[in-house]
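The values are calculated or read from the model by the stated rules, or taken from the named source; none is laboratory data. The model shown is predicted, which means the values in this text are computed figures rather than measured ones. All Cβ positions, even for glycine, are placed from backbone atoms using ideal geometry, and neighbour counts span all protein chains on display. Note: accessible area is taken over every heavy atom of the protein model, side chains too, but ligands, DNA and RNA are not part of it. Shrake-Rupley method; radii C 1.70, N 1.55, O 1.52, S 1.80 Å.
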Amino acid sequence: MKRGLLERLEDGGVLCAEGYLFELERRGYLQAGSFVPEVVLDHPEALLQLHKEFLHAGSDVAVAFTYNGHREKMRIMDKEGLLEPLNRHALRLAREAARACEPEEALVAGNISNTNVYDHTDPATQNEVRAMFEEMAGWAVDEGVDFIIAETMYYHGEAELALAAIKEAKIPAVVTLSLFAEGVMRDGMSVE
């Protein structure tokens, strides 16, 4: 039986390799910036190989490459119809790579990223963001992830929305905050 995230943390720690975007860009599969992680659909073999390489290098987690794969970004790129297939395929590729690990199967993490629509002063955008996060968390749970990472959150309030959506899905959460040099998030939350 595979040990979960919390069990592994109790035993000392979990390594989680990141940098899929930068490595896939370096290899010529996508361009950073205003991108959608279509590499999931266009070059799934490249993403699967990268998952395997990260796991071979010591990562305990295969993170589904769904960074920026949310409704707002897909709408901007006029590719909203690809939203669910992209998310589900990314989750399945991560699962496939994790199952190939020996001696212990790697963990699989869903991934929710920051949006460009969140406005800490506007309840309407907060509701829109929450709905996007709930949608992505639902797909991740459907596809059998072990936990979900909400990453690169510039607003404390947006991080709270992501955490609430993950908790509602009844799955462990990891949330990463992105602070500026002053140690302050965009909505004024300080690390002090």
Give me a comma-separated list of calculated 3J(HN,Hα) values for the stretch 100-116, in order, Karplus coefficients 6.51, -1.76, 1.60 applied at θ = phi - 60°, integers in Hz, x for any Gly or Pro.
7, 6, 9, x, 10, 4, 5, 6, 10, 10, x, 9, 10, 10, 4, 10, 9
Among Ile166, Thr152, Met185 the positive-end extreme of the charge dipole of the stretch 144-188 (Cβ point charges):
Ile166
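Given a 1.4 angstrom probe, what's the average accessible area per residue across the chain, in square angstrom? Before the final figure, lay out the partial values.
On the way: 9520 Å² over 192 residues.
Per-residue value: 50 Å².
What do you reckon, how do His56, His120 stack up by accessible area (1.4 Å probe), largest on top? All intermediate terms of the calculation are to be shown ahead of the outcome.
Values: His56 165, His120 85 Å².
These residues rank, largest area first, as His56, His120.
The stretch 87-192: percent of C-alpha pairs farther apart than 17 Å? All intermediate terms of the calculation are to be shown ahead of the outcome.
Details: 3018 of 5565 pairs.
For the stretch 87-192, the share of Cα pairs beyond 17 Å comes to 54 percent.
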Out of residues 5 or more away from Phe147 or on other chains, whose amide H comes under 5 Å of its own, with H placed 1.01 Å from N in the peptide plane?
Val108, Gly110
Amide H contacts under 5 Å for Thr176, restricted to residues at least 5 apart in sequence or on another chain and with H modeled in the peptide plane, are Ala150, Glu151, Thr152, Met153
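So, with +1 on the Cβ of K and R and -1 on the Cβ of D and E, and no other charges, what is the size of the charge dipole of the stretch 15-146 about its Cα centre, to the nearest 20 debye? The partial results should precede the final answer.
Working: 12 positive and 24 negative charges, 45 e Å.
The calculated dipole for the stretch 15-146 is roughly 220 debye.
If you restrict to DSSP beta bridges whose two residues both lie in the chain, what percentage is antiparallel, to the nearest 5?
Details: 1 of 13 bridges.
Within the chain, antiparallel bridges account for around 10 percent of the total.
Based on Cβ point charges of +1 for Lys and Arg and -1 for Asp and Glu, what charge dipole magnitude is obtained for the stretch 11-78 about its Cα centre, in debye rounded to the nearest 20?
That gives the stretch 11-78 a dipole magnitude of about 160 debye.
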Heavy atoms of Asp78 accessible to a 1.4 Å probe, total area in Å² rounded to 10
140
Can you bin the stretch 1-128 into rounded, prolate or oblate? Criterion: square roots of the alpha carbon gyration tensor eigenvalues sorted a ≥ b ≥ c, rounded for a/c under 1.5, prolate for a/b above b/c, oblate for the rest.
oblate
I'd like the accessible area for Arg92, computed on protein heavy atoms only with a 1.4 Å probe and all protein chains in place. Round to 10 Å², please.
130
Dimensions of the stretch 55-95 along principal axes (Cα, Å, largest first)?
37, 14, 10
